[in-house]
Amino acid sequence: MRKCLKIQVSGKVQQNAYRSFIQKHAQSLGIEGVAQNIEDDNVVIYACGPSALLDQFIDMLYKGTTGSKVNNVLAEPYVNEKNFRGVFRVIGD
């Protein structure tokens, strides 16, 4: 079953390495969406894909990179009104 999530990751996750990490794993799992930095050391991710693969993706978000420190991952369902055209994009700062 396909679903869409809004995921907010907080902690030390503002660096380019973490965003590249997110994009790499999303693409390898076939998840489409977008990730963007917001204030207060948070990254907001909109992700769509099969439920089982989204669960794996969230597990990878917790793991992070060597330079990152994830404090919290909050995932909530959302109705997808955007067409991601089958890719995962990272919007830089």
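Some values worked out for this structure:
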| quantity | calculated |
| --- | --- |
| Residue 9 vs. criteria surrounded by fewer than 20 Cβ atoms within 10 Å (Cβ to Cβ), outside any helix (DSSP H, G or I), out of contact with any Asp or Glu (no Cβ under 7 Å at 6 or more places or on another chain) and among the aliphatic types (A, V, I, L, M) | no |
| Exclusive hit being touching a strand residue (DSSP E or B) at 6+ places or on another chain (Cβ under 8 Å), open to solvent by 30 Å² or more (accessible area, probe 1.4 Å) and either more than 13 Å from residue 75 (Cβ to Cβ) or at pLDDT 90 or above (or both), set 56, 15, 27 | 27 |
| Segment 71-93, subset modelled with pLDDT of 90 or more and within 18 Å of residue 37 (Cα to Cα), residue least open to solvent (accessible area, probe 1.4 Å) | 73 |
| Test: residue in segment 35-45 that is more than 13 Å from the chain's Cα centre (by Cα) and over 16 Å from residue 91 (Cα atoms) | yes |
| Residues located in segment 30-45, provided they are assigned to a strand (DSSP E or B) and open to solvent by less than 60 Å² (accessible area, probe 1.4 Å) | 32, 33, 34, 35, 37, 38, 42, 43, 44, 45 |
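The values are calculated or read from the model by the stated rules, or taken from the named source; none is laboratory data. All values reported here derive from a predicted model rather than from experimental measurement. Heads up, the Cβs are rebuilt from the backbone with ideal geometry, glycines too, and the neighbour counts pull from every protein chain shown. Ligands, DNA and RNA are stripped out before the accessible areas are found, and what is left, the full protein with its side chains, is counted by its heavy atoms. Shrake-Rupley method; radii C 1.70, N 1.55, O 1.52, S 1.80 Å.
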